Amino acid sequence: MNNLKILIYLTAMLGVFSVIAGCSKKADNPSNPTPVPVTVTDIDGNVYHTIKIGTQMWMVENLKTTKYNDGTAIPFVTGITPWSTLTTPGFCWYDNNAANKSVSGALYNWYAVNTGKLAPSGWHVPTDAELTVLTDFLGGESVAGGKMKTVGIIEDGTGLWYSPNVSATNESGFSAVPGGLRKNTGEFQYIGILCSIWSSSVSFEVLSFYRLLRNDVGNIYQHNNNKGGGMSVRCIRDF
């Protein structure tokens, strides 16, 4: 009888240890880039979906706020000459067409990024190092771009990128769209072809780091651009 009690006890304890081990295994695997049912709202009332990629939480859409998180309006600059002479914050819609807001978001110069007030509370514009963490988690510069780009092409009505949209799978859920850019000289270029995302990090006196994705490759590139250029912004959650 005593032997039977011992056997029952050991069997029960084995089951407990198995449950604990299973829970521990799940807890040790935080890097699965699966969507989380969370949204964040900016001061304008725009709602953004979020996704966890590795240890980071990202917005799934480009920022489109017209105000800083303290309620102050961001200067809206449309003219080529006024834009080209800016050394202070400014934003615009691609081609000065507000219809581009819903999908592409706004284009901000780096002076607006540098205020530290673009992102909603609890979020921020990523540093160059944080963008490198994202790239590395997705396998490095040669493949991460394809894992970040939305799928489909403009020509057949299945997507936002011009053909060939090489290697696009969006398996990360980052959902990068080709919002183009505005040069520091004021011209708009490359919508449907390029996705350019500012970092908050300075590279040289008049240049700052950004990331570039293109329709013709699956890479993501680290580049620097004149601070007066207009590019997209993606926000990352504070930790």
Report task. Return, ordered by residue number, the residues of region 96-123 whose backbone nitrogen is under 17 Å from a label point located 7 Å along Cα→Cβ of residue 38. Result -> 119-123
Query raised in the report: Any idea what log10 I(q)/I(0) is at q = 0.23 Å⁻¹ for region 141-239, Debye with uniform C-alpha scatterers and no solvent?
Result: -1.18
Report summary line: Cα-Cα longer than 21 Å, checked against 52/117; 52/147; 67/227, kept in input order, equals 52/117
Query - Note, ³J(HN,Hα) from phi for region 109-125, Karplus 6.51, -1.76, 1.60, rounded to Hz, x at Gly and Pro - result: 7, 6, 5, 5, 4, 6, 5, x, 10, 6, 7, x, 4, x, 10, 7, 6
Query raised in the report: Got a sec to turn the phi values of region 179-196 into Karplus ³J(HN,Hα) couplings, 6.51 cos²θ - 1.76 cosθ + 1.60 with θ = phi - 60°, whole Hz, x for Gly and Pro?
Result: x, x, 7, 10, 5, 5, 8, x, 7, 8, 8, 6, 5, x, 10, 10, 10, 10
Query raised in the report: Over the Cα atoms of region 35-237, Rg to Rh with Kirkwood Rh, two decimal places?
Result: 0.93
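Since every read-out is calculated from the coordinates, none of them should be taken as a lab result. Being a predicted model, the structure only gives us computed values, none of them experimental. Neighbour counts run over all protein chains shown; Cβ positions are idealised from the backbone, glycine included.
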